[in-house]
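Here the structure is laid out as structure tokens; the discussion comes afterwards.
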Amino acid sequence: MGLFDKVLKDVTKGLQDVADKAGEELKSQAEKAASDAAEQTAAAEAANKAVNEASDAMSDASDGLKSELDKLKDAVDEMNVAVKEADEAMSKVSDEDWTRAESTLERMAMDSMKDMRVCLNCDNPVKGDVKFCPKCGEKLPEKTVLELAMCPKCGKQNAPGADFCTECGTKLPYKELVEEREREKDQAVLRKWSEELPWFPVWNCGGTDYDLDHPEDNIYCFSVYFQDDERGGEAAINQYVQILKDNGFRQAGKYPSDDHLYKMVDGVCYHATTEHSFEGGKDSPNVYFILNDEPQGGFDYVKPEPKKKSGSPFGSLFK
Ligand SMILES: [Zn+2]
Ligand SMILES: [Zn+2]
């Protein structure tokens, strides 16, 4: 073989090698690309499947939701029908039926209250033959709530706790009892007053809700209530000022006034004041009693006579 042939052969072989190598490279690249493509396809398929499944699930869910809504709608429809039926049924009940049903209920309620008494102190209802309130110990009324609601004039059985008969307007035993109890409490306050404050005349002032407060060692406050009666309150205070004066109390000290009246007993000064009587309202007057309390300037304070000028307007010039 000549040199040319040899060179040609080598070159050809080199080319062949290069071609082979390139071919192999291409082949492996192609294989890799194919395998990548396959993987991508699988991923895409998986994704697609997932999307489909999700979509199916969504449609199932909305089907479920829809059926729930349908059920709800049915229920509402049923309810409307029931309400309509009830309305119709109600409209068929006659007034007499209602009245009968009501009076039956009323009778049942009355029956349940047959032996019931109510504590006038704490309003606790007590059943059975019981003499004292189990809640506060107050003596219970002898009469039951029904007996106290029975009209003494026309015989109507009123509802328990009523003050006046709904048939004839007569005051019922219940209210009589409540008022009597209030009067007793007020009388107890007046008794306490005459025991603890014998220096101050007890005052039968009318009104209700007497109270004798003792805010400090030597101070007492008596208060009374005139329901919606401001004139009654004012008149009572004016009356008490007069009672005090009739019982030896008088104005004293540097600033004499009917608002502060004093009386000396065995060397002790007793002071009654109406200065603050209406601070809680004219219908709720009070009087303060202060023990051992002399007025400013002293109980026996005497206003000095004004100094007389000498007869001559020039007197002072010639002294
Ligand atoms: Zn009680
Ligand atoms: Zn009556």
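Coordinate-derived values only; no laboratory data. Please read these numbers as outputs of a predicted model, since none were measured by experiment. Here the Cβ positions follow ideal geometry from the backbone for every residue, glycine too, while neighbour counts run over all protein chains shown.
Close amide H partners of N124, meaning residues 5 or more places away or on another chain with modelled amide H under 5 Å apart, are C119.
Using Cα pairs closer than 8 Å and at least 6 residues apart in sequence, work out the relative contact order for region 197-291, in percent. Normalised by residue count, the contact order of region 197-291 is 31 percent. The alpha carbon convex hull volume per residue for region 87-155 rounds to 126 Å³. Take the Cα of Q157, go 7 Å toward its beta carbon, and the backbone nitrogen atoms of region 165-184 under 20 Å from that spot belong to 165-175. For region 197-291, the alpha-carbon coordinates run over 41, 25, 21 Å along the three principal axes, in decreasing order. Here the Debye sum runs over all C-alpha atoms of region 43-151 as equal scatterers in vacuum, and log10 of I(q)/I(0) at q = 0.10, 0.22 Å⁻¹ comes out as -0.65, -1.11.
Database remark: amide H of C269 closer than 5 angstrom to the amide H of N292, D293 (H placed geometrically; neighbours at sequence offset of 5 or more, or on other chains; Pro and chain starts carry no H).
Here are some pairs, K139/K282; K192/K263; K127/K153; which of them have Cα atoms lying more than 25 Å apart in this structure? Correct reply: K139/K282; K127/K153. Could you state the angle between the C-alpha long axis of helix 230-246 and the longest principal axis of the C-alpha atoms of the chain, as a value from 0 to 90 degrees rounded to the nearest 10? Rounded to the nearest ten degrees, it is 40.
For region 57-110, the calculated P(r), taken from all Cα-Cα distances in 10 Å bins from zero up to the bin holding the longest distance, is 20, 22, 19, 16, 12, 9, 1 percent. Report the Cα centroid-to-centroid distance between region 195-241 and region 73-139 in angstrom, as an integer. With region 195-241 and region 73-139 each reduced to a Cα centre, they are spaced 45 Å.
Applying 1/(1 + (r/R0)^6) with R0 = 41 Å to the Cβ-Cβ distance of V178 and E275 gives a FRET efficiency near 0.75.
Quick check: the angle from helix 95-112's long axis to the longest principal axis of the chain, C-alpha only, nearest 10 degrees? Computed tilt is about 70 degrees. Taken over the chain, the convex hull of the Cα atoms encloses 650 Å³ per residue. In a DSSP loop and with at most 16 other Cβ atoms within 10 Å, the trypsin sites (Lys or Arg not before Pro) in region 132-224 are K135, K143, K153, K156. In straight-distance terms, cross-link reach from K71 covers every one of the lysines whose alpha-carbon lies under 21 Å from its own, apart from those fewer than eight places away in the same chain; here that gives K84. Computed over Cα pairs, the Kirkwood radius of region 214-264 leads via Stokes-Einstein (0.890 mPa s, 25 °C) to a diffusion coefficient of 192 µm² per second.
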